[in-house]
Amino acid sequence: MKSLRELYKIGIGPSSSHTMGPHKAAKIFAARHQDARAFEVTLYGSLAATGKGHMTDVAIINTLKTVAPTTIVWQPTTFLPFHPNGMVFKAINSEGKADEEWTVYSIGGGALSEGKAEGDEFSTPEVYPLGTLSEIMEWCNDNGRKYWEYVNECEDSSIWDYLKEVWETMKQAVERGINTEGRLPGPLNLARKAPTYYVKASGYKQSLQSRGLVYAYALAVSEENASGGTIVTAPTCGACGVMPAVLYHSWKAHDMSETRVLHALATGGLIGNIVKQNASISGADVGCQGEVGVACAMASAAACQMFGGSPSQIEYAAEMGLEHHLGMTCDPICGLVQIPCIERNAFAATRALDANLYAAFSDGMHRVTFDRVVQVMKQTGHDIPSLYKETSAGGLAKSFSNIIKTKL
């Protein structure tokens, strides 16, 4: 598995696969063709189907236009073989011919791939020799260690400075979000809810106040993401509100030390890494179970780590966080990371805290392992029709399409 730096990426929203990935690809291609007279970029599958709502074209054009004019071609019904988020970049010379045609895929979490089995220019070192949670849990039990200590064992020492930066970015996103009012961009005309939820939570008794604050924190980060603000992929932009909400709430409400938060961040990252390695964190590939479902598993494990869970209890919490999101489709209305994405982040954050509590009451023993659920999630995702995997052509997106067209 790769470093946690490859999972936790700091960048701007609204989508890691549809905004961050294409922006990165355009930057690479522009650097290779500084003398191009024009560019043509063809977007396929999910990138084309929801690209306008995710500002894919804006991310590409704004990057390439510093070199030459750019034309975007949309092919929403054509899927390239490797991944639903395919792109073909062409650099056009002064004679009107293509100097290079480059096929690249945005595979989730801001990562790119050229679809080559033997690796490509985006390959980074493998730093974790163990690739399943069962193996890592066995290492923990054999050595009397915690999951975060396995991270410490495998990563270089600078990982903790990087995780501090990740934590600071998450905190800032929460605090900006709960203090920013107004509407979110796009035709849905949604008002930001985080400030209202944050204020209202203070009027409830302690048990309900706690739940209301978690909602507010998750909404805050998700709304920042929807507005193109700076967030952390955890594991993606679309699911970026879950981990910060759980960590921020635990830190504030229970006076947790920064060290404890960073250990939880490492533990949650390990969970996300395992799914990324063995299945997928791309909504276009496996549906929202790979985004919000994985975020919930990460946050469940992080919370259990913060509150003193054993390796087996943490594994159980992560398993529940993912299992109870199995089959979740990705059907964003208008291709925006707003409905149902933002609300899902808030519910997944509270579900993560419930998974931690449930696991804490147990002895950690259970029948279905986290690794097994990862495999089931992968198969379930591939069985879900492409209509329900970030195309905005099915589910909630389809049911609202006529209403939105009327408004437009």
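Looking for something at pLDDT below 90 and of a type in the set (S, T, N, Q) - is there at least one such residue anywhere in region 116-126? Checking region 116-126: at least one residue is at pLDDT below 90 and of a type in the set (S, T, N, Q). Against the numbered list (1) farther than 25 Å from LYS52 by Cβ; (2) part of a helix (DSSP H, G or I); (3) touching a helix residue (DSSP H, G or I) at 6+ places or on another chain (Cβ under 8 Å); (4) of a type outside the set (Asp, Glu), VAL221 comes up short only at (1). As a summary of the residue check, VAL242 satisfies the conditions (1) in contact (Cβ under 8 Å) with a residue 60 or more places away in the chain; (2) open to solvent by 10 Å² or more (accessible area, probe 1.4 Å) except for the one numbered (2). Taking the criterion of being of a type in the set (Gly, Ala, Ser) and either open to solvent by 80 Å² or more (accessible area, probe 1.4 Å) or not in a strand (DSSP E or B) (or both), the only residue of region 61-91 that qualifies is ALA68. Within region 319-367, the set of residues being among the aliphatic types (A, V, I, L, M) and more than 27 Å from HIS18 (Cα to Cα) comprises MET320, LEU353, ALA355, LEU357, ALA359, ALA360, MET365. Residues in region 1-24 that are surrounded by 24 or more Cβ atoms within 10 Å (Cβ to Cβ) and among the small types (Gly, Ala, Ser) were compared, and the one that is nearest to GLY96 (Cα to Cα) is GLY21.
This table checks each residue for (1) open to solvent by less than 10 Å² (accessible area, probe 1.4 Å); (2) over 23 Å from ALA59 (Cβ atoms); (3) at pLDDT 95 or above; (4) not in a helix (DSSP H, G or I).
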{"site": "CYS237", "(1), (2), (3), (4)": "yes, no, yes, yes"}
{"site": "TRP251", "(1), (2), (3), (4)": "no, yes, yes, no"}
{"site": "ASP255", "(1), (2), (3), (4)": "no, yes, no, yes"}
{"site": "ARG260", "(1), (2), (3), (4)": "no, yes, yes, no"}
{"site": "THR267", "(1), (2), (3), (4)": "yes, yes, yes, no"}
{"site": "LEU270", "(1), (2), (3), (4)": "yes, yes, yes, no"}
{"site": "ASN273", "(1), (2), (3), (4)": "yes, yes, yes, no"}
{"site": "GLN289", "(1), (2), (3), (4)": "yes, yes, yes, no"}
{"site": "ALA318", "(1), (2), (3), (4)": "yes, yes, yes, no"}
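Does ALA302 qualify as being in a helix (DSSP H, G or I), farther than 19 Å from VAL221 by Cα and in contact with a Ser or Thr (Cβ under 6 Å, 6 or more places away or on another chain)? No: the conditions fail for ALA302.
Of all residue pairs spaced 6 or more apart or on separate chains, those with beta-carbon atoms under 6 Å, a first member in region 3-18 that is of a type in the set (A, V, I, L, M) and a second member that is assigned to a loop (DSSP other than H, G, I, E, B) and surrounded by fewer than 23 Cβ atoms within 10 Å (Cβ to Cβ) are ILE12/GLY228.
Here the helices (runs of 4 or more DSSP H) wholly within region 93-202 that include at least 1 residues being β-branched (Val, Ile, Thr), within 30 Å of GLN338 (Cα to Cα) and touching a helix residue (DSSP H, G or I) at 6+ places or on another chain (Cβ under 8 Å) are 159-177. Here LYS146 meets the list (1) without any contact (Cβ under 8 Å) to a residue 12 or more places away in the chain; (2) closer than 24 Å to ASP354 by Cα almost entirely, failing just condition (1). When region 1-54 is limited to residues that are in a strand (DSSP E or B), within 19 Å of the chain's Cα centre (by Cα) and not small (Gly, Ala, Ser), the one that is modelled with the highest pLDDT turns out to be ILE10.
Okay, residues lined up against (1) in contact (Cβ under 8 Å) with a residue 60 or more places away in the chain; (2) touching a Ser or Thr at 6+ places or on another chain (Cβ under 9 Å); (3) of a type in the set (A, V, I, L, M, F, W, C):
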| residue | (1), (2), (3) |
| --- | --- |
| GLN338 | yes, yes, no |
| ARG351 | no, yes, no |
| ALA355 | no, yes, yes |
| ARG367 | no, no, no |
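Being open to solvent by 40 Å² or more (accessible area, probe 1.4 Å) and in contact (Cβ under 8 Å) with a residue 60 or more places away in the chain holds for only one residue in TRP139, TRP167, TRP160, TRP102, and it is TRP160. Any residue in region 179-190 that is open to solvent by less than 10 Å² (accessible area, probe 1.4 Å), within 25 Å of PHE307 (Cβ to Cβ) and touching a residue at least 12 places away in the same chain (Cβ under 8 Å)? Within region 179-190 (the criterion being open to solvent by less than 10 Å² (accessible area, probe 1.4 Å), within 25 Å of PHE307 (Cβ to Cβ) and touching a residue at least 12 places away in the same chain (Cβ under 8 Å)), the answer is no, since none of the residues qualifies. State all residues of region 324-336 that are surrounded by fewer than 24 Cβ atoms within 10 Å (Cβ to Cβ), in contact (Cβ under 8 Å) with a residue 40 or more places away in the chain and part of a loop (DSSP other than H, G, I, E, B); if no residue qualifies, say none. Correct list: LEU326, GLY327, THR329.
Residue check: is VAL214 closer than 18 Å to LEU265 by Cα, hydrophobic (A, V, I, L, M, F, W, C) and not in a helix (DSSP H, G or I)? Against the criterion (closer than 18 Å to LEU265 by Cα, hydrophobic (A, V, I, L, M, F, W, C) and not in a helix (DSSP H, G or I)), VAL214 does not qualify. When only residues in region 339-392 that are open to solvent by 70 Å² or more (accessible area, probe 1.4 Å) and of a type in the set (Phe, Trp, Tyr) count, which is nearest to GLY212 (Cα to Cα)? That would be PHE347.
Of all residues in region 191-208, exactly one satisfies the criterion of being free of Cβ contacts under 8 Å to residues at least 12 places away in the same chain and either charged (D, E, K, R) or open to solvent by less than 40 Å² (accessible area, probe 1.4 Å) (or both), namely LYS205.
The values are calculated or read from the model by the stated rules, or taken from the named source; none is laboratory data. Treat the numbers as computed from the prediction; the structure is a model and nothing was measured. Ideal geometry is used to build each Cβ from the backbone, glycine not excepted, and the neighbour counts take in all protein chains shown. Just so you know, the surface numbers come from the protein's heavy atoms only, side chains and all, with ligands and any DNA or RNA stripped out. Shrake-Rupley method; radii C 1.70, N 1.55, O 1.52, S 1.80 Å.
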